[in-house]
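The values are calculated or read from the model by the stated rules, or taken from the named source; none is laboratory data. Values in this document were obtained by computation on a predicted structure and should not be read as measured data. Cβ placement follows ideal geometry from the backbone for every residue including glycine, while neighbour counts extend to all protein chains displayed. Accessible surface areas use protein heavy atoms only, side chains included; no ligands, DNA or RNA. Shrake-Rupley method; radii C 1.70, N 1.55, O 1.52, S 1.80 Å.
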Amino acid sequence: MARPRSPLLSRDRIVAAAIALVDAEGLAALSTRRLALELGVSGPSLYNHFATKDDLLEAVADAVTAQVDISPLGARPWPEALRAWAVSYRQTLAEHPNLVPVVAHGPGRRPHALKLADAVYGALVQAGWPPREATRIGALMRYFVVGAATGSFAAGFVDDPALYGADYPHLSDAHRLQSRRREIDEGAFETGLDALIAGLELRFAALPATRPA
């Protein structure tokens, strides 16, 4: 009887395994030896697909970026599209928190990251934003979303009522924040996103009337 064949090693399979490993154990766990063990192959076989670990990390980051929904950009009014894209971007990063530091660098030569940047910039210019303003807005939104995904505000406070007693009278309920982490962090993101979009709408309304309809 023929022995079962192992699944064919491919770039996609390697990237998927790398993402799963980093999601579960963090970036420090990712090595050629460990990844080969997870895939059931020899370490050198990985180099047929990725010359270096950095090459692999670039592909991993781009695969995560590909999960961001850019379909609203250019298909909806720019405030609505920008909001939907930002929400999807943050959700994607929240699902892969250990990869945020890698995804945050770029786009470099990453195809999906470049496609995302092109979609954001193109939608803004098409809507009538001057190119310089569109560039700044793209950067602003990226700073905001990546910053929101980098860490938790609520998780930064310890669950110890005694700590916040007399010395910090305005933080008397701070020990409750951790237990409401998701609600607080998501609420903070939504509040910030609302403020950003509202401010951009005011700025857009003040642009010269020569912009495209």
Among the candidates Leu207, Leu193, Leu200, residue that is assigned to a loop (DSSP other than H, G, I, E, B), closer than 27 Å to Trp129 by Cα and modelled with pLDDT of 90 or more | Leu207
Output yes when any residue across segment 28-44 is open to solvent by 60 Å² or more (accessible area, probe 1.4 Å), closer than 30 Å to Gln126 by Cβ and either in contact (Cβ under 8 Å) with a residue 12 or more places away in the chain or of a type in the set (D, E, K, R) (or both), and no when none is.
-> no
Restricting attention to segment 54-68, which residues are surrounded by fewer than 20 Cβ atoms within 10 Å (Cβ to Cβ) and outside any helix (DSSP H, G or I)?
-> Ala66, Gln67
Odd one out for Phe157 among (1) touching a residue at least 12 places away in the same chain (Cβ under 8 Å); (2) under 30 Å from Ala24 (Cβ atoms); (3) open to solvent by 40 Å² or more (accessible area, probe 1.4 Å); (4) out of contact with any Leu (no Cβ under 6 Å at 6 or more places or on another chain) = (4)
Of all residues in segment 69-78, how many are in contact (Cβ under 8 Å) with a residue 12 or more places away in the chain, over 16 Å from the mean Cα position of the chain (by Cα) and open to solvent by 50 Å² or more (accessible area, probe 1.4 Å)?
-> 1
Looking only at segment 21-34, count how many residues are over 18 Å from Val102 (Cα atoms) and within 26 Å of the chain's Cα centre (by Cα).
-> 1
Of the residues that sit in segment 178-213 and are farther than 24 Å from Tyr143 by Cβ and touching a helix residue (DSSP H, G or I) at 6+ places or on another chain (Cβ under 7 Å), which one is most open to solvent (accessible area, probe 1.4 Å)?
-> Arg180
Residue check, His175 in contact with a Ser or Thr (Cβ under 7 Å, 6 or more places away or on another chain), surrounded by 15 or more Cβ atoms within 10 Å (Cβ to Cβ) and not hydrophobic (A, V, I, L, M, F, W, C) = no
Run Ser45 past the list (1) modelled with pLDDT of 95 or more; (2) assigned to a helix (DSSP H, G or I); (3) hydroxyl-bearing (Ser, Thr, Tyr) and report the number of the one that doesn't hold.
-> (1)
Quick one: in segment 79-116, of everything that is without any contact (Cβ under 8 Å) to a residue 60 or more places away in the chain and polar (S, T, N, Q), which residue is surrounded by the fewest Cβ atoms within 10 Å (Cβ to Cβ)?
-> Gln91
